[in-house]
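Working notes, structure below.
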Amino acid sequence: MHRYSQITIAIHWLTAVLVVVAWLTAVGGRHARTDPSYVHFTVGLAVLLLVIPRLLARWLGAAPMIEDPQNRWLDLAARAAHTLLYVLLIALPLSGWYAASRLGVPVSFLGIDLPSLAAPVQGASGEIADLHETGGTLILWLAGLHALIALWHQFVMKDRTLERMNPLAPSDLRGDRR
């Protein structure tokens, strides 16, 4: 297998778009309590749901083998960065849900009311909300670095790494044997 499945590729790119939309629709501080962004909540929870099949596919070995493995420290750095991305894809929606609960803002997903994760408080929602905001910026930086490294692999190293996740790759580069 030279590339990811079409479903995995679609989930990857949908997740990337949803992370950007979540960041663009975020509101903070007192505005989150008085004028919460339900688009932000919905998009964040969709990211959380999409990470489940991604992790399952990864654990079941659905990732293509690297054709030209890098040296050990580059491989370790790539694994650490992917792990951090997955941690953020899980922690950000959960911390946002927690922060909204602390603010007393009801959270729903596609019309389904979700239970509060914490009791509402007067004043600031706490350190988890601050970490959520910082994590939101961090995931954008990390995703941007992820994209730059993929481009470096593709155009400098010429190892076809980018083609593994490219939904528009020509069929002769896909490695599909249909």
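Things worth noting here:
- Residue-normalised accessible area of the chain, expressed per residue, 1.4 Å probe, Å²: 64
- Packing rank of 89-96, 113-120, where each peptide gets the mean count of other beta carbons within 10 Å, highest leading: 89-96, 113-120
- Sparsely packed trypsin sites (Lys or Arg not before Pro) within the range 134-164, loop by DSSP, other Cβ within 10 Å at most 13: 158
- Between helix 127-152 and the chain: long-axis angle, C-alpha atoms, 0 to 90°, nearest 10: 20
- Between residue 110 and residue 147, the contour length at 0.36 nm per residue exceeds the alpha carbon distance by 10.3 nm.
- Between amide H atoms placed 1.01 Å from N, distances below 5 Å from residue 107 occur with 114, all of them 5 or more places distant or on a separate chain.
- 3J(HN,Hα) along the range 74-91: 5, 5, 5, 5, 5, 5, 5, 5, 5, 4, 4, 4, 5, 4, 5, 5, 8, 5 Hz, from the Karplus curve 6.51 cos²θ - 1.76 cosθ + 1.60 with θ = phi - 60°, whole Hz, x for Gly and Pro.
- Rough spin-label spacing in nm, given labels placed 7 Å along Cα→Cβ, for residue 168 and residue 2: 2.0
- Atom-type composition of the exposed protein surface of the range 76-115 places 74 percent of the accessible area on carbon and sulfur (1.4 angstrom probe).
- Estimated FRET transfer efficiency (residue 10, residue 87; beta-carbon r; R0 30 Å; 0.05): 0.85
- For a label point 7 Å along the Cα-to-beta-carbon line of residue 117, residues of the range 37-56 with backbone N under 19 Å: 37-55
- Hz values of 3J(HN,Hα) by residue in the range 44-56 - Karplus curve (6.51, -1.76, 1.60), Gly and Pro given as x: x, 5, 5, 4, 4, 5, 6, 6, 5, x, 5, 5, 4
- Around residue 119: net Lys/Arg minus Asp/Glu count, Cβ-Cβ under 15 Å: +2
- Rg and Dmax of the range 83-141, based on Cα coordinates, read 12.0, 35 Å.
- Normalised convex hull volume, the chain, alpha-carbon set, Å³ per residue: 132
- Once both labels are positioned 7 Å from their Cα atoms along Cα-to-Cβ, the gap between residue 79 and residue 20 label points is 3.1 nm.
The values are calculated or read from the model by the stated rules, or taken from the named source; none is laboratory data. Worth saying up front: this structure is predicted, and the values here are computed from it rather than measured. In this analysis, Cβ positions are derived from the backbone assuming ideal geometry, glycine residues included, and neighbour counts consider all displayed protein chains. Note: accessible area is taken over every heavy atom of the protein model, side chains too, but ligands, DNA and RNA are not part of it. Shrake-Rupley method; radii C 1.70, N 1.55, O 1.52, S 1.80 Å.
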